[in-house]
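Asker: Here's a structure for you.
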Amino acid sequence: MGDAEIIPIGTRGKPGRGTGKAPSSAARGLAAGGRSAEPTDPPTDPPVDPPADEAIPPAAPGEPGAPEAPVEVDVEVEVEETAVVAAGTSSVAARERHPLAGIPVSAWLSAFQQAAVEVFGEHWEPRLAQFLAFLRRRVTGDYVVDEYGFDAEITQSFFMAALRPIAQQWFRIELRGVDNIPTDGGALVVSNHSGTIPVDGLMTMVSIHDATGRHLRPLGADLVFRMPVVSSLARKSGATLACSEDAERMLRDGELVGVWPEGFKGIGKPYSQRYKLQRFGRGGFVSAALRTGVPIVPLAVVGAEEIYPLVGNIPALARLLGVPYIPITPLFPLLGPLGLVPLPSKWLLEFGEPIRTDEYDDGAADDPMLVFDVTDQVRETIQQTLYSLLVQRESVFR
């Protein structure tokens, strides 16, 4: 007990502190987080403090057993060395814990290639190259838009790609008489209109494009081009205002033009009057065909009347909103937005034999009786085809 060593309080357990001596190399190794150190003397038993009543007072300086004089240590050097060692230790630990450490570039490329195959298929490289080329053209403005605002590239790459699954898998559209559509040159496709919402026009566009490779240029009502977002999409997809001037110019330019003469009367008729054609207007589409001498291709669409069975209307709200009607169906507005999902009816599209107009004399378009007769001929052809398709159809949904 008489030779017990007294450790000053407040040393925080750091090697060499409070003893009056500079820390040894082994102590510095311990402070740096376990770095290798030189061999040291074997450990001895820790000193035991004497009891409080037998505590030996510290010896006076100069006497035997007195602590040596404190040695001055360069604190800045010590702190700097410790910081460097600690920094190196934390850096090594961080590298060891990083999840991406040690993964070679070849492994990343292999994973990317495997993911591309899963998403794009075996021929992912040309598809990726086409997509990047498309982005470059869109960013640099290296694409063509005609005088009507039609963007063929965006229509084929996005609009048709979005509509195709609906046409093929939801409505399961079956085409008949596609050979009656001219492979080139101007032609006017005249169709019945139905469906509460003009989905039949979109389905006709994608069906004709997939069957013939030609873009159908629809003539739309002025309401379509007054709507902010719909107007831009309609222009880019090839639609233009339903006026004689635009229709005649496109027909002379060799375009395939589509028209739905029933207008809002066709899509807004009640379910009880389904597949009964409404009035075809004053025959403006016939006049355009007579002036340009292009054939008229009648089109009958069966299946669109059942996607939104119209059982009611709200005229007051329709006038307030400036729309032709507010439809009421068995599912809308009862089910809210879910009621806007069209029913998956089976569609049949049959293109009739073209009606030639190039055999008429010049000025035939100015003869109202001739225009009326041709208009009635087109309407009657479509109506009879509708009746025939309804008889052949096994069920509404298959």
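Asker: What is the one condition in (1) over 39 Å from the mean Cα position of the chain (by Cα); (2) buried (at least 18 other Cβ atoms within 10 Å of the Cβ) that PHE351 does not satisfy?
Answerer: (1)
Asker: So if I check each of THR329, THR357, THR385, which one is within 24 Å of GLN273 (Cβ to Cβ), of a type in the set (Val, Ile, Thr), surrounded by 15 or more Cβ atoms within 10 Å (Cβ to Cβ) and assigned by TED's automatic domain parsing to the domain that holds ALA289? Steps first, answer last, please.
Answerer: On the way: THR329 fails: assigned by TED's automatic domain parsing to the domain that holds ALA289; THR357 fails: within 24 Å of GLN273 (Cβ to Cβ).
Residue meeting the stated conditions: THR385.
Asker: Evaluate the stretch 159-171: report whether one residue or more is in a loop (DSSP other than H, G, I, E, B) and surrounded by 14 or more Cβ atoms within 10 Å (Cβ to Cβ).
Answerer: Within the stretch 159-171, one or more residues are in a loop (DSSP other than H, G, I, E, B) and surrounded by 14 or more Cβ atoms within 10 Å (Cβ to Cβ).
Asker: So if I check each of LEU317, LEU390, which one is over 29 Å from PHE225 (Cβ atoms) and either in contact (Cβ under 8 Å) with a residue 12 or more places away in the chain or of a type in the set (A, V, I, L, M, F, W, C) (or both)?
Answerer: Details: LEU317 fails: over 29 Å from PHE225 (Cβ atoms).
Sole residue among the options that is over 29 Å from PHE225 (Cβ atoms) and either in contact (Cβ under 8 Å) with a residue 12 or more places away in the chain or of a type in the set (A, V, I, L, M, F, W, C) (or both): LEU390.
Asker: Quick one: what pairs do we get from the stretch 132-152, first residue within 25 Å of GLU255 (Cα to Cα) and not assigned by TED's automatic domain parsing to the domain that holds VAL257, second assigned to a loop (DSSP other than H, G, I, E, B) and among the charged types (D, E, K, R), C-beta under 6 Å, 6+ apart or different chains?
Answerer: Qualifying pairs under 6 Å: VAL145/ASP151.
Asker: From the list GLY201, GLY220, GLY195, exactly one residue is closer than 26 Å to GLY283 by Cα, assigned by TED's automatic domain parsing to the domain that holds ASP358, touching a Pro at 6+ places or on another chain (Cβ under 6 Å) and buried (at least 20 other Cβ atoms within 10 Å of the Cβ). Which is it?
Answerer: GLY201
Asker: Cβ-Cβ distance below 6 Å, separation of 6 or more or different chains: which pairs start in the stretch 104-124 with a residue that is surrounded by 11 or more Cβ atoms within 10 Å (Cβ to Cβ) and end on one that is among the basic types (Lys, Arg)?
Answerer: Hits for this filter: PHE120/ARG127.
Asker: Kindly evaluate PHE150 against the criterion of being of a type in the set (Phe, Trp, Tyr) and assigned to a helix (DSSP H, G or I).
Answerer: So PHE150 does not fit the description; no.
Asker: Can you give me the number of residues within the stretch 300-314 that are in contact with a strand residue (DSSP E or B) (Cβ under 8 Å, 6 or more places away or on another chain), surrounded by 14 or more Cβ atoms within 10 Å (Cβ to Cβ) and either in contact (Cβ under 8 Å) with a residue 24 or more places away in the chain or assigned to a strand (DSSP E or B) (or both)? Steps first, please.
Answerer: Going residue by residue through the stretch 300-314, those that are in contact with a strand residue (DSSP E or B) (Cβ under 8 Å, 6 or more places away or on another chain) are 300-303, 308, 310-314.
Those still in the list that are surrounded by 14 or more Cβ atoms within 10 Å (Cβ to Cβ) too: 300-303, 308, 310, 313-314.
Then drop every residue that is not either in contact (Cβ under 8 Å) with a residue 24 or more places away in the chain or assigned to a strand (DSSP E or B) (or both), which leaves 300-303, 308, 310, 313.
Qualifying residue count for the region: 7.
Asker: While we're looking at this one, here's another question. Answer with yes or no whether ILE314 is over 27 Å from GLU255 (Cα atoms) and among the β-branched types (Val, Ile, Thr).
Answerer: Yes: the conditions hold for ILE314.
Asker: Report yes if THR375 is at pLDDT 90 or above, more than 21 Å from ARG274 (Cβ to Cβ) and crowded, with 17+ Cβ neighbours inside 10 Å, otherwise no. Reasoning before the result, please.
Answerer: Values: at pLDDT 90 or above: yes; more than 21 Å from ARG274 (Cβ to Cβ): yes; crowded, with 17+ Cβ neighbours inside 10 Å: yes.
When the stated conditions are applied, THR375 passes them.
Asker: Something else now. Only residues that are touching a residue at least 12 places away in the same chain (Cβ under 8 Å) and either more than 19 Å from PHE351 (Cβ to Cβ) or of a type in the set (Phe, Trp, Tyr) (or both): list them for the stretch 165-188, please.
Answerer: Within the stretch 165-188, ILE166, TRP170, PHE171 meet the criteria.
Asker: So, one more: Of the numbered conditions (1) part of a helix (DSSP H, G or I); (2) loosely packed, with under 15 Cβ neighbours inside 10 Å, ARG282 satisfies every one except a single condition; which is it?
Answerer: (1)
The values are calculated or read from the model by the stated rules, or taken from the named source; none is laboratory data. What you are looking at is a predicted structure, and each value in this text was computed from that prediction instead of being measured. Reconstructed Cβ throughout: ideal geometry from the backbone, glycine too, with neighbour counts over all protein chains shown.
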